[in-house]
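A.B. asks: The structure under discussion is supplied below as structure tokens; questions concerning it will follow.
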Amino acid sequence: VSQSRYTRLRQWFGYCLVPVTKTEKCLYLKGEGANGKSTMLTVLQALLGKEQYSVLEPSEFFENFKLGELQNKLANVATDIDTHNIFDARFKKLVTGEETIARPIYQPPFKFLPFARFIFAANDFIPTKDRSLGFFRRFDVIEFKRVFAESEQDKDLKEKLLKEVPYLHRYRDWE
């Protein structure tokens, strides 16, 4: 990973730890498989803790009964998303933290201000009918160009990194 990509990824990890949406962007990790996208996002999920993130696919954001999953979450981390569904332009409102309405099954609708950061990983960019600058500027796309050959892969890397999460918590608390 180049230094600028590394810096951006570090910034996104930090950004996911605070409930603000000032950047008004989502992180989109793009690249073929066997390049570390999912491993990196698994570490982010562990750092956040299960109660602090949701895992909705972009196509699920506008199923009213699922939208409430975003309430009070620091992040929505979706690995290997389905890139066949069209990306809804209403997504811009979620990324910017605008008030939205969710309606859980068998419960009355409620309004909330989403502050989750949206992080996606996929092999390709997701299709959209919205071709506006307002839509595309909502994405910080980081390409993962390196594909690791089978002989280069550390099959235990994810577990090794997850063992380091408690130390990351200490570093975070110290900063």
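The values are calculated or read from the model by the stated rules, or taken from the named source; none is laboratory data. Everything numeric in this text was worked out from a predicted model, so none of it was measured. Cβ atoms come from the backbone with ideal geometry, glycine included; neighbour counts cover every protein chain shown. Calculation scope for accessible area: heavy atoms of the full protein, side chains included, ligands and nucleic acids excluded. Shrake-Rupley method; radii C 1.70, N 1.55, O 1.52, S 1.80 Å.
A.B. asks: Regarding Val147, is this residue β-branched (Val, Ile, Thr), within 22 Å of Gln11 (Cα to Cα) and open to solvent by less than 90 Å² (accessible area, probe 1.4 Å)?
C.D. replies: Taking the combined requirement at face value, the residue does not satisfy it.
A.B. asks: Given the criterion over 29 Å from Lys155 (Cβ atoms) and not hydroxyl-bearing (Ser, Thr, Tyr), identify the matching residue among Lys66, Lys30, Lys37.
C.D. replies: Checking each option against the conditions leaves just Lys66.
A.B. asks: Across segment 86-110, which residue is farthest from Lys30 (Cα to Cα) among those that are of a type in the set (S, T, N, Q) and more than 17 Å from the chain's Cα centre (by Cα)?
C.D. replies: Checking each candidate, the answer is Gln107.
A.B. asks: Any residue in segment 20-42 that's closer than 19 Å to Ala116 by Cβ and touching a residue at least 12 places away in the same chain (Cβ under 8 Å): show its pairings with residues that are part of a loop (DSSP other than H, G, I, E, B) and basic (Lys, Arg) at Cβ separation under 9 Å, as long as the two are six or more apart or on different chains.
C.D. replies: Glu24/Arg137; Glu24/Arg138; Lys25/Arg137; Lys25/Arg138; Cys26/Arg138
A.B. asks: Looking only at segment 114-128, decide whether some residue is in contact with a Pro (Cβ under 8 Å, 6 or more places away or on another chain) and modelled with pLDDT under 90.
C.D. replies: yes
A.B. asks: Moving to a separate point now. In the list Gln52, Gln3, which residue meets the criterion of being open to solvent by 40 Å² or more (accessible area, probe 1.4 Å) and under 22 Å from Phe148 (Cβ atoms)?
C.D. replies: After ruling out the rest, the residue left standing is Gln3.
A.B. asks: Can you name every one of the helices (runs of 4 or more DSSP H) wholly within segment 76-175 that holds 1 or more residues which are out of contact with any strand residue (DSSP E or B) (no Cβ under 8 Å at 6 or more places or on another chain) and of a type in the set (Gly, Ala, Ser)?
C.D. replies: Correct list: 133-136.
A.B. asks: Consider only pairs whose beta carbons are under 8 Å apart and that are at least six residues apart or on different chains; among these, list those whose first residue lies in segment 46-68 and is in a helix (DSSP H, G or I) and whose second residue is open to solvent by 50 Å² or more (accessible area, probe 1.4 Å) and of a type in the set (Val, Ile, Thr).
C.D. replies: Cβ pairs passing all conditions: Asn64/Ile101; Phe65/Ile105; Leu67/Ile101.
A.B. asks: Output the residue which, of all residues in segment 61-90 that are among the polar types (S, T, N, Q) and under 17 Å from Ala116 (Cα atoms), is surrounded by the most Cβ atoms within 10 Å (Cβ to Cβ).
C.D. replies: Per the criteria, the residue is Asn76.
A.B. asks: Looking only at residues that are more than 11 Å from the chain's Cα centre (by Cα) and among the hydrophobic types (A, V, I, L, M, F, W, C) in segment 43-60, which one is nearest to Phe115 (Cα to Cα)?
C.D. replies: Out of the qualifying residues, it is Leu48.
A.B. asks: So which residues in segment 8-37 are open to solvent by less than 50 Å² (accessible area, probe 1.4 Å) and in a helix (DSSP H, G or I), if there are any at all?
C.D. replies: Leu9, Trp12, Phe13, Gly14, Tyr15, Lys37, listed by residue number.
A.B. asks: For residues that are closer than 26 Å to Tyr6 by Cβ and charged (D, E, K, R), tally how many sit in segment 28-77.
C.D. replies: Qualifying residue count, segment 28-77: 4.
A.B. asks: Before we move on, is Lys155 out of contact with any helix residue (DSSP H, G or I) (no Cβ under 9 Å at 6 or more places or on another chain), at pLDDT 90 or above and not acidic (Asp, Glu)?
C.D. replies: In short, yes.
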